[in-house]
1. Quickly estimate the mean residue ellipticity at 222 nm for the chain, helices only: each DSSP H run with n ≥ 4 gives -39500 (n - 2.57), and the total goes over all residues, rounded to 500.
2. For the stretch 46-195, what class follows from the C-alpha gyration tensor (a ≥ b ≥ c being the square roots of its eigenvalues): rounded when a/c is under 1.5, otherwise prolate if a/b is larger than b/c, else oblate?
3. Read phi for every residue in the stretch 182-192 and hand back ³J(HN,Hα) as whole Hz from Karplus 6.51 cos²θ - 1.76 cosθ + 1.60, θ = phi - 60°, with x for Gly and Pro.
4. Can you give me the long-range amide H partners of His8? Hydrogens built in the peptide plane at 1.01 Å from N, cutoff under 5 Å, separation of 5 or more residues or another chain.
5. Looking at the chain as a GNM with Cα springs under 10 Å, which of Ile49, Ile64, Ile165 has the largest mean-square fluctuation?
6. Under the √(5λ) rule applied to the eigenvalues of the Cα gyration tensor, what semi-axes describe the equivalent ellipsoid of the stretch 112-249? Give them in Å, descending.
7. Taking R0 as 35 Å, what FRET efficiency do you get between Lys144 and Asn3 from their Cβ-Cβ distance, rounded to the nearest 0.05?
8. Roughly speaking, what is the stretch gain from Asp21 to Arg249, that is 0.36 nm per residue apart minus the C-alpha to C-alpha distance, in nm to one decimal?
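Readers should treat all values here as calculations from the given coordinates under stated rules, not as data from a laboratory. As the structure is a prediction and not an experimental result, all values here were calculated from the model. Note that each Cβ is placed from the backbone with ideal geometry, even for glycine, and that neighbours are counted across all protein chains shown.
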Amino acid sequence: MENIFDTHAHYDDESFDGDRDILLPKLKSRGVSLVINCGCDLKSDKSTIELCKKYDFIYAAVGIHPHEAEAAGEHDLDEVRELLKYEKAVAIGEIGLDYHYDFSPRELQKEYFEKQIILSKELDIPIIVHDREAHEDTMELLRKYRPKGVLHCFSGSVETAKEIISLGMYIGLGGAVTFKNARKPLEVAGYVPIDRLLLETDAPYMTPVPFRGKRNDSAMISYSAIKIAEVRGTDVQTVINAANENGKRLFGIK
Ligand code: NI
């Protein structure tokens, strides 16, 4: 397999500290052509940009994750705006709502999400959305502003996927389609129009079967792509190529 575009990874994560600069140069020979590294707070946003400077195939999403809303400083969003001036910063992410962990108060999560959506509209760049057990509030804001972007690690129903598509957004699928209880993600994988599908890892998390429990990396996308191709009745390289084109279109990468 070749031409893999991993639209969501966290290579700044400490689990890569021991071998980051051994792993990343080898990704190309394992079929990976592009990666978007997603920051979660200012520190990881800055590390993300450092990775982009070091590796030509890595692009940046910078933003404040809902987990980090409470810890964020008064001027962090101004700094995010500054970081977005960097030419390889192609999205605001990851941003959104997480009512599973509730690491930040919900009102504050919503405030940060909304402010960053507004920023994306102003700058005309896409957002990468994290929605965990917060479908209603997430959809309310997406309906209100109609930003460009992707619902990352999509965990909703086909009905919700339809609405996301009708808003003009993309659906990001990854390791979850390989899991034992993957009924919903697979239904969505079968439904998503081929021109709205993105592939992603969320590395180091969401490792696909048969590597559950190990650290994920972008080359393992092939296992998710195989599953998606299976339910769509097509071949895996077709899925990977379409997702690559979609990612380049959404994030404005040539
Ligand atoms: Ni993530």
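1. Working: 9 runs with 103 residues, N = 254.
Theoretical 222 nm ellipticity from helices: -12500 deg cm²/dmol.
2. Values: a/c = 1.65, a/b = 1.35, b/c = 1.22.
Prolate, since a/c reaches 1.5 and a/b exceeds b/c.
3. 7, 4, 5, x, 6, 4, 5, 4, x, 8, 3
4. Ile36, Thr201, Asp202
5. Judging by the Gaussian network model, the answer is Ile165.
6. Calculated on Cα positions only, the semi-axes equal 25, 16, 15 Å.
7. Efficiency at R0 = 35 Å is approximately 0.45.
8. On the way: separation 228, 0.36 × 228 = 82.08 nm, distance 2.85 nm.
Full extension of this stretch gives 79.2 nm more.
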